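The values are calculated or read from the model by the stated rules, or taken from the named source; none is laboratory data. Model, not experiment: these values are computed from the prediction. Cβ coordinates were reconstructed from backbone atoms using ideal geometry, including for glycine residues, and neighbour counts include every protein chain displayed. The accessibility values were calculated without ligands, DNA or RNA, using every heavy atom of the protein model including side chains. Shrake-Rupley method; radii C 1.70, N 1.55, O 1.52, S 1.80 Å.
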Amino acid sequence: MWNLLKRYASSLIGFATGRFGAVRWWLLALCTFVVARFAQRWLDGFYARSEFPVPYYIGQTRFSGEVLKGYYRELLEKGTLDVYIQTQLVDYVFMVATFLSFFCLAAAVLHTVHKVYGEGILLRIARVFVWLAPSAALMDALENLISFVMLANPTGFANWLAIPYSSFAVCKFAIFAVTYVWVITAVVLSVVGGAVKAVRRLRPGSSS
């Protein structure tokens, strides 16, 4: 498992560093971000039509099989459980879009940080996010796989399944959060660092 994770990380880092420059990665990040937002809107539409009793971020993080069974009973009573199952399938489109969007965004930040700051702690962090950020989609996929097991027997599944289900969901949301914090922080630091370098070059007596 550890070797598999190392190969996953090194493959993404190698792809990010071996192709394109910062400008192309930012363009790809923008395009894939737009696609991911469209996928999210499509997914949100299915979720709304399923009439799930609570927002998805609450339902996915309850860590309680009995609570989830209560939600599924409501869907059965409303006759919308099939729509909710379709929602889980549509979610895989969102996962693919998210994986690509986060990877391109992390690659763009990696090249930007390297251009402004060179080697250092920021670049090491940027390399981590090249594989960590897209992992949000992998956590989502694992969460969904467990949900299909539960939905196969929506009122009689083993309660313990709610623990890994919610654990993967928490990991997913945590990766989303730290990725956005990192991107904002890295962009701000890169803008500041780039401005400082530009001012230094413009000073009288500058070697450039």
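Using the Cα centre as the reference, give the magnitude of the dipole from point charges on the C-beta atoms of the chain (Lys, Arg: +1; Asp, Glu: -1; all else neutral), rounded to the nearest 20 debye. Numbers along the way, then the final one.
Numbers: 19 positive and 10 negative charges, 256 e Å.
Computed charge dipole of the chain: roughly 1240 debye.
Share of region 1-98's accessible area from carbon and sulfur, percent, 1.4 Å?
Carbon and sulfur: 66 percent of the exposed surface of region 1-98.
Compute the accessible area per residue over the chain, keeping the other protein chains in place, probe 1.4 Å, unit Å².
Roughly 55 Å² per residue, with all protein chains present.
So what is the relative contact order for region 138-208, in percent, with contacts set as C-alpha pairs under 8 Å and at least six apart?
It rounds to 28 percent for region 138-208.
Enumerate the lysines that residue 69 could reach by cross-link, defined here as Cα to Cα under 19 Å, with residues fewer than 8 away along the same chain left out.
Once the sequence-local lysines are set aside, what remains near residue 69 is 78.
Just the ratio, please: alpha-carbon radius of gyration of region 54-93 over 2.2 N^0.38 Å, N its number of residues.
Here the Cα radius of gyration is 1.18 times the empirical estimate.
In percent, how large is the relative contact order of region 1-85, given Cα pairs closer than 8 Å and 6 or more residues apart?
After rounding, I find 30 percent.
Under a 10 Å cutoff between Cα atoms, tell me which one of 78, 69, 172 has the largest fluctuation in the Gaussian network model of the chain.
Between 78, 69, 172, it is 78 that shows the largest mean-square fluctuation.
Please grab the % of Cα pairs in the chain that end up more than 25 Å from each other.
48
Tell me what the chain gives for mean residue ellipticity at 222 nm when only DSSP H runs of n ≥ 4 count, each as -39,500 (n - 2.57), the sum divided by the residue total, rounded to 500 deg cm²/dmol.
Calculated at 222 nm, the ellipticity per residue is -28500 deg cm²/dmol.
Counting only C-alpha contacts under 8 Å and six or more residues apart, can you give the relative contact order of the chain as a whole percent?
Computed over the chain, the figure is 27 percent.
Using only the Cα atoms of region 79-142, what do you get for the radius of gyration and for Dmax, in Å?
When restricted to Cα atoms, region 79-142 yields Rg and Dmax of 16.3, 57 Å.
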